[in-house]
Amino acid sequence: MTASYFTDPSTATYRVRPVSFVFADDGLVPNNRLPFLLYKSAIVLDAKPESTIEAVFGANGWGAMWRNGIFDYLHYHATVHEVLGVARGRAMVRFGGDHGEELEIRKGDVAILPAGTGHQRLSATGDFAVVGAYPPGPQMEITRPTPDNHRKALRTIPQVALPDTDPVYGTDGPLVGLWKKRAR
């Protein structure tokens, strides 16, 4: 299966043009009809990159933050949307499950995963580090792709609320407009 790929228009308000993919349900990883978004070089980082990313996400209402890497096994979160801000290094990550897209993410990039989006780190530099965060709502749960988990996720994912803000650009960010347009 091939993901639908879009390059959404940049505007004077945003310095990056979001790249978006809509990944198909593959029978084990449900993914989402909302687009996965990738903002390349979205955050200018300083000597304390993790703190800088946390400040941006926090100022835009995304919390429950953590610092680490990305798991090297395929998983998804059926109860909440997730944002990943790359603080250091770079990694090759497969988004969308085994039939998704392998994308390189690097320092300053931001990936926004709608609930159900499969992801797995395939390789990374030794210094690779991300900050993860979630919009207000339920706790994040790590879900592995199994038939039973897939059935449960198909009931859970439609109940996950759309966030009020984009984690980088706030109330008028690309996520808000793109996700509301797709949710109709």
Checklist entry - Using a simple charge model, +1 on the beta-carbon of Lys and Arg, -1 on the beta-carbon of Asp and Glu, nothing else, what dipole does the chain show about its Cα centre, in debye to the nearest 20? => result 240
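How high is the relative contact order of segment 98-184? Use alpha-carbon pairs under 8 Å, at least six apart in sequence, and give a whole percent. Kindly include the intermediate steps, with their values, before the conclusion.
Details: 24 pairs, mean separation 16.9, N = 87.
Computed value for segment 98-184: 19 percent relative contact order.
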Item to check | Apportionment of accessible area to carbon and sulfur, the chain, percent (1.4 Å) | outcome: 50
Next on the checklist: How much accessible area per residue does the chain have, counting only protein heavy atoms and a probe of 1.4 Å, in square angstrom?
Outcome noted: 47
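Below 8 Å, C-alpha to C-alpha, sequence gap of six or more: please give me the relative contact order for the chain in percent.
Numbers: 445 pairs, mean separation 49.4, N = 184.
In percent, rounded to a whole number, it is 27.
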Checklist entry - Order of 87-93, 98-104 by packing, highest average Cβ count within 10 Å first? => result 87-93, 98-104
Checklist entry - How many angstrom lie between the C-alpha centres of segment 101-130 and segment 14-66? => result 9
Item to check | Shape call, the chain: gyration tensor on alpha carbons, a/c limit 1.5 | outcome: rounded
Next on the checklist: Need the full-extension length gain, VAL44 to MET92, defined as separation in residues times 0.36 nm minus the C-alpha distance. One decimal, nm.
Outcome noted: 15.2 nm
Next on the checklist: Checking the table LYS48/LYS181; LYS40/LYS180; LYS107/LYS152 against a 26 Å threshold on Cα-Cα, which pairs fail?
Outcome noted: LYS48/LYS181; LYS107/LYS152
Next on the checklist: Suppose only helical runs count, i.e. DSSP H with n ≥ 4. What mean residue ellipticity at 222 nm does that imply for the chain under -39500 (n - 2.57) per run, divided by all residues and rounded to the nearest 500 deg cm²/dmol?
Outcome noted: -5000 deg cm²/dmol
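The values are calculated or read from the model by the stated rules, or taken from the named source; none is laboratory data. What you are looking at is a predicted structure, and each value in this text was computed from that prediction instead of being measured. We place every Cβ from the backbone using ideal geometry, glycine too, and count neighbours over all the protein chains shown. We work out accessible area using only protein heavy atoms, side chains counted, and drop any ligands, DNA or RNA first. Shrake-Rupley method; radii C 1.70, N 1.55, O 1.52, S 1.80 Å.
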